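What follows is a short report on a single structure.
The values are calculated or read from the model by the stated rules, or taken from the named source; none is laboratory data. A quick note: this is a predicted structure, and the numbers were derived from the prediction, not measured. No Cβ is skipped: glycine too gets one built from the backbone with ideal geometry, and neighbour counts run over all protein chains shown.
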Amino acid sequence: MSYAYPNLFGVTPKERRHGPSREVNDILREVHARCMRPLLDACCAENLTTPEVAMSAARHRCAARARHAFWLALRGLGLSYPEIAKLCGVDHTTVMGALKGRKQRIEA
């Protein structure tokens, strides 16, 4: 995920051109993870599974539904498909297909 925060952490002009330094990315990734964990926990509780199972490659119905609910919530927060994919370790087309299928199931 690329972050563009103005000089909050003493960003040099070079880092502004080439993105934040590794330490800044690590800090932002940790903050992001702390904010996303309660959302993932809620999606898992609703679908009777654990976050570990939901974020694995498991294809069980409860795991897939929790994972898709989490992705849909992230999409609602304004994250793009590639950002969600990078955060969850999947391809962006996987996220797109899952959310498209979920939408079709809801409309049916």
Quiz item: Does region 51-63 hold any residues that are over 14 Å from ALA33 (Cα atoms) and either touching a residue at least 12 places away in the same chain (Cβ under 8 Å) or touching a helix residue (DSSP H, G or I) at 6+ places or on another chain (Cβ under 6 Å) (or both), and which are they?
Solution: VAL53, ALA54, CYS62, ALA63
Quiz item: Which ones in region 78-108 are under 22 Å from THR50 (Cβ atoms) and assigned to a loop (DSSP other than H, G, I, E, B)?
Solution: GLY89, VAL90
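Would a scan of region 8-17 turn up a residue that is touching a helix residue (DSSP H, G or I) at 6+ places or on another chain (Cβ under 8 Å), among the polar types (S, T, N, Q) and either modelled with pLDDT under 90 or surrounded by 15 or more Cβ atoms within 10 Å (Cβ to Cβ) (or both)?
If we filter region 8-17 for residues that are touching a helix residue (DSSP H, G or I) at 6+ places or on another chain (Cβ under 8 Å), which is where we start, we get 9, 11, 15.
If we keep only those that are among the polar types (S, T, N, Q) too, we end up with none.
No: zero hits.
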Exercise. Name, by its number, the condition in (1) surrounded by 11 or more Cβ atoms within 10 Å (Cβ to Cβ); (2) modelled with pLDDT under 75 that does not hold for TRP71.
Key: (2)
